[in-house]
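A.B. asks: First, the structure itself, so that you have it in front of you.
The values are calculated or read from the model by the stated rules, or taken from the named source; none is laboratory data. Computed from a predicted structure; not experimentally measured. Reconstructed Cβ throughout: ideal geometry from the backbone, glycine too, with neighbour counts over all protein chains shown.
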């Protein structure tokens, strides 16, 4: 019954939709022909010019039918990077293939430009800036055979972090003779991760966070020393770090000691996406505290990726079923919470994980953090959070470094460090 009602309604409004489509497709050329056809009726003198009137009506009718019959039907594909940082421009190539049985004539295609919401007089609405900007030059194609493809280059810039969809593709057709021009919007189904931008020291709070992160990283890497592996007889051309004089005196031949770098240690970076109660929300619907923490995490990932450590990233999330890029480390006796840790992956995969981060409940985040702390054991751990981890076991948190990033008063510096900050770098205090 519902389907029958919908079909009946569609049949009744079909003439209205056709009239509106023709009206929106009219160009100055078709409007001029319509006005000239009205003039040819010659109402004042009473003798219509039937030849000119018929020519105008026939041109409008034939042009309208040909225009809607030959309207391009294109299938679009995109060439784009795997991810892009927030606020950084990147190039996208649109590949449009003609899937219609007729050739595509006098057409163009491009990304839809961002539009602001309409202003209403009776209601006040927050004017949030558009989520993206596009730079592209208009491109017009005169002829495209069936099965052939055309390309279009555009530069996109997204201003918000997250998994963002590409803009809709707009196809314009103006055949024949630009009498009518129709626009077909093709919704995009391709999504792209927009990773957080690295944190910059624009204000005192950001500078303090960067100083705390640098102090923790320096303390982590300052203990890297060479391990003694053994002694061997000296050979000409061998690089000598330290002579083994007791063995030289006992054996009578030059003996040198050999050293090697210590084994690469695992460093766990835990991102807590749970927020405090009643967090501040910006006009575009994002949480500034969460975005700043993710920017700091991006800076930490870039810095640690250059060091001789094995970085393992964990981000608290609502669903832990994304196993396409992840290596899962789950304890055998844990049946409630499954911890998914990014390890042995490149930096881009970790940044994509940060791009998909979203706020979750505090109880869920506490369970997941406890599980990851059990997995990490005694490895160096850095926890970035915007709240007080009061529900976690204090003995568990003693083995890791917790850094709050929400406000300047939560810099978590030790009193002793504050007294001696001239002689020692500031270190974040474990909660």
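A.B. asks: Can you tell me how many residues in the range 88-102 are out of contact with any helix residue (DSSP H, G or I) (no Cβ under 8 Å at 6 or more places or on another chain) and loosely packed, with under 14 Cβ neighbours inside 10 Å?
C.D. replies: Just the residues of the range 88-102 that are out of contact with any helix residue (DSSP H, G or I) (no Cβ under 8 Å at 6 or more places or on another chain), to begin with: 88-101.
So of that shortlist, the ones also loosely packed, with under 14 Cβ neighbours inside 10 Å come out as 88-89, 91, 93, 99, 101.
Of the residues in that region, 6 qualify.
A.B. asks: Quick one: would you say residue 56 is assigned to a helix (DSSP H, G or I) and under 30 Å from residue 136 (Cβ atoms)?
C.D. replies: Numbers: assigned to a helix (DSSP H, G or I): yes; under 30 Å from residue 136 (Cβ atoms): no.
No, not satisfied.
A.B. asks: Moving on to the next point. Among the residues in the range 310-319, are any crowded, with 18+ Cβ neighbours inside 10 Å, in a loop (DSSP other than H, G, I, E, B), at pLDDT 90 or above and in contact with a strand residue (DSSP E or B) (Cβ under 6 Å, 6 or more places away or on another chain)?
C.D. replies: no
A.B. asks: Filter the range 252-275 down to the residues that are in a loop (DSSP other than H, G, I, E, B) and at pLDDT below 85, then identify the one that is farthest from residue 216 (Cα to Cα).
C.D. replies: The extreme case among them is 252.
A.B. asks: Would you be able to say whether some residue in the range 116-129 is under 18 Å from the mean Cα position of the chain (by Cα), over 30 Å from residue 148 (Cα atoms), part of a loop (DSSP other than H, G, I, E, B) and at pLDDT below 90?
C.D. replies: Taking the range 116-129 as the starting set, the residues that turn out to be under 18 Å from the mean Cα position of the chain (by Cα) are 129.
Narrowing further to those that are over 30 Å from residue 148 (Cα atoms): 129.
Filter again for part of a loop (DSSP other than H, G, I, E, B), leaving 129.
With at pLDDT below 90 added as a condition, the list becomes 129.
There is at least one residue in the range 116-129 that is under 18 Å from the mean Cα position of the chain (by Cα), over 30 Å from residue 148 (Cα atoms), part of a loop (DSSP other than H, G, I, E, B) and at pLDDT below 90.
A.B. asks: Turning to a different aspect of this structure: Find the residue count for the range 201-224, including only residues that are assigned to a loop (DSSP other than H, G, I, E, B) and in contact (Cβ under 8 Å) with a residue 12 or more places away in the chain.
C.D. replies: Of the residues in the range 201-224, 1 are assigned to a loop (DSSP other than H, G, I, E, B) and in contact (Cβ under 8 Å) with a residue 12 or more places away in the chain.
A.B. asks: Being modelled with pLDDT of 90 or more and within 30 Å of residue 188 (Cβ to Cβ) is the requirement here; does residue 33 meet it?
C.D. replies: Working: modelled with pLDDT of 90 or more: yes; within 30 Å of residue 188 (Cβ to Cβ): no.
Considered against the rule, which asks whether it is modelled with pLDDT of 90 or more and within 30 Å of residue 188 (Cβ to Cβ), residue 33 comes out as no.
A.B. asks: From the list 149, 137, exactly one residue is in the same structural domain as residue 106 (by TED's automatic domain parsing) and in contact (Cβ under 8 Å) with a residue 24 or more places away in the chain. Which is it?
C.D. replies: 149
A.B. asks: Taking residue 24 as the residue in question, decide whether it is touching a residue at least 24 places away in the same chain (Cβ under 8 Å), in a helix (DSSP H, G or I) and exposed (fewer than 12 other Cβ atoms within 10 Å of the Cβ).
C.D. replies: Working: touching a residue at least 24 places away in the same chain (Cβ under 8 Å): yes; in a helix (DSSP H, G or I): yes; exposed (fewer than 12 other Cβ atoms within 10 Å of the Cβ): yes.
Yes.
A.B. asks: Restricting the range 63-80 to residues that are part of a loop (DSSP other than H, G, I, E, B) and in contact (Cβ under 8 Å) with a residue 40 or more places away in the chain, which is nearest to residue 181 (Cα to Cα)?
C.D. replies: Of everything passing the filter in the range 63-80, 71 is nearest to residue 181 (Cα to Cα).
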